[in-house]
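Everything below concerns the one structure shown next.
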Amino acid sequence: MLRDGLDRLPAELPSLHLLRAALLAARALTSSDGTPLSVLPVSWARTPSDGVVSPGELAAGFELLREAGLIVILARRALPTVDLAALLAVSEDEACRALVGRLIAIRRPVWINAVIAGGIVATELLPDQAAAALSQLFPDLRDREQFLLAMGRRFEDEDAKRIGDLAEVAVTEACRHELRAAGRDDLAKQVRRVSLTSDQLGYDITAPRLDRPDRHLEVKGTRSTNPDLLIMISRNEATVASLDPNWFLVVCIVYPDDRATVVGWATQTLLTARLPIDRAGRGGWRVAAVPVAQEELMPGLPPCYIPT
């Protein structure tokens with residue numbers, strides 16, 4: 001087992017020296033069909049580095065590549081990925097920066113959210129080890145801050161997608177449960193999360209009703225438990241909502257443990273008066289943050305029948 005290198009990995013971020021060792025270890029993987037793991041220690045012992053990099057550091061660098069998803073182990077062979085080939089095609093500095101970016105994205109160190117909170121980089125909150133490692137990679141403070149800001153945007157995008165996915169799953173299951181409770185297992189099976197096949201429909205879920213056309217549900221998830229919410233609505237969603245009488249907004253809260261709860265729903269009427277107005281000659285809006293109070297939402301889901 002190639003575990004010696006992994007045991008010596010830094011707790012937070014690898015040094016520039018170890019990142020360079022990882023690139024050197026990667027170049028020992030000469031076969032696209034994979035290199036037997038048993039051969040690697042011999043390859044590392046023979047890798048020329050003018051005594052700068054030890055075989056143990058090459059083993060540790062190999063484990064970095066493995067952690068970053070750049071190497072796959074299959075049938076006791078180390079297989080380089082396409083991403084690894086792309087990494088080796090750029091300059092050493094670029095490759096080291098890209099590798100540490102992948103590792104930060106995977107490890108999600110506890111300090112990252114505090115350092116990039118609110119779109120502002122607070123480098124003074126970096127732990128000493130991380131600050132030293134990033135200073136080696138990005139000697140210029142502005143480059144270092146830009147890198148951290150880019151990581152922050154990446155995390156925000158990933159979290160937003162996760163929140164959206166969890167909310168859509170919760171609404172899908174709630175619709176199915178509602179229809180099964182009404183004795184319509186056949187209709188429950190027809191609930192569809194259409195966002196998985198297209199994000200241009202203007203809604204995320206289609207859910208049958210007992211007596212009318214399907215509901216078209218646009219799901220919005222939030223981690224905020226504040227009674228006053230900001231709902232992001234795209235121009236396409238607003239356009240579809242204005243033309244489709246079966247369009248409904250459904251809001252979910254996604255808690256820190258990733259539990260998702262349906263808060264309530266609304267028709268497009270609630271949104272219309274709060275959307276921006278295009279001004280002639282000044283272009284048009286694409287995404288709007290619409291204020292919605294939780295108390296303005298009707299509880300649960302849009303009903304699957306005509307309320308009596």
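For the chain, averaging the sequence separation of C-alpha pairs within contact (under 8 Å, six or more residues apart) and dividing by the residue count gives a relative contact order of 12 percent. Near TRP247, the amide H atoms lying under 5 Å from its own belong to HIS216; only residues 5 or more places off or on other chains count, and H is placed 1.01 Å from N.
Would you work out which of MET151, ALA174, ALA133 lies farthest towards the positive end of the dipole of the stretch 129-274, given +1 charges on the beta-carbon of Lys and Arg and -1 on that of Asp and Glu, about the Cα centre? Towards the positive end, the residue furthest out is ALA174. Checking (1) 63, 51, 37; (2) 62, 62, 36; (3) 82, 46, 37 against the coordinates, the calculated Cα extents along the principal axes in Å falls under label (3). Shape descriptor for the stretch 196-263: Rg over Rh equals 1.00 (Cα atoms; Rh from the Kirkwood inverse mean 1/r).
Mind running the shape call on the stretch 176-308? Use the C-alpha gyration tensor, a ≥ b ≥ c as the square roots of the eigenvalues: rounded below 1.5 for a/c, prolate if a/b tops b/c, oblate otherwise. Judged from the Cα gyration tensor, the stretch 176-308 comes out prolate (a/c at least 1.5, a/b above b/c). Residues whose amide H comes within less than 5 Å of that of VAL72, counting only those at least five positions distant or on another chain, are LEU79, THR81 (H built at 1.01 Å from N in the peptide plane). Shape annotation for the stretch 49-204: C-alpha extents along the principal axes are 75, 45, 26 Å, from largest to smallest. Of all trypsin sites (Lys or Arg not before Pro) in the stretch 142-220, which ones are in loop regions per DSSP and have a Cβ with at most 11 other Cβ atoms within 10 Å? For trypsin sites (Lys or Arg not before Pro) across the stretch 142-220 that sit outside H, G, I, E and B with at most 11 neighbouring Cβ atoms in 10 Å, the list is empty.
Using a simple charge model, +1 on the beta-carbon of Lys and Arg, -1 on the beta-carbon of Asp and Glu, nothing else, what dipole does the chain show about its Cα centre, in debye to the nearest 20?
Numbers: 35 positive and 40 negative charges, 107 e Å.
Dipole of the chain, to the nearest 20 debye: 520 debye.
Here's the picture: charge each Lys and Arg Cβ at +1 and each Asp and Glu Cβ at -1 in the chain, and of VAL121, PRO245, VAL287 the one pushed furthest to the positive end of that dipole is PRO245. Ordering ALA85, LEU187, GLY221 by the projection of their Cα atoms onto the charge dipole of the chain, which places +1 on the Cβ of Lys and Arg and -1 on the Cβ of Asp and Glu, puts LEU187 at the extreme positive end.
With n ≥ 4 as the cut-off for DSSP H runs, can you work out [θ] at 222 nm for the chain, using -39500 (n - 2.57) per run divided by the number of residues, rounded to the nearest 500?
Details: 12 runs with 130 residues, N = 308.
Computed ellipticity for the chain at 222 nm equals -12500 deg cm²/dmol.
Bear in mind that the values in this text are calculations on the coordinates, not laboratory data. What you see is a predicted model; the values in this text were computed from it and never measured. Please note: Cβ atoms are built from the backbone with ideal geometry, for glycine as well, and neighbour counts cover all protein chains shown.
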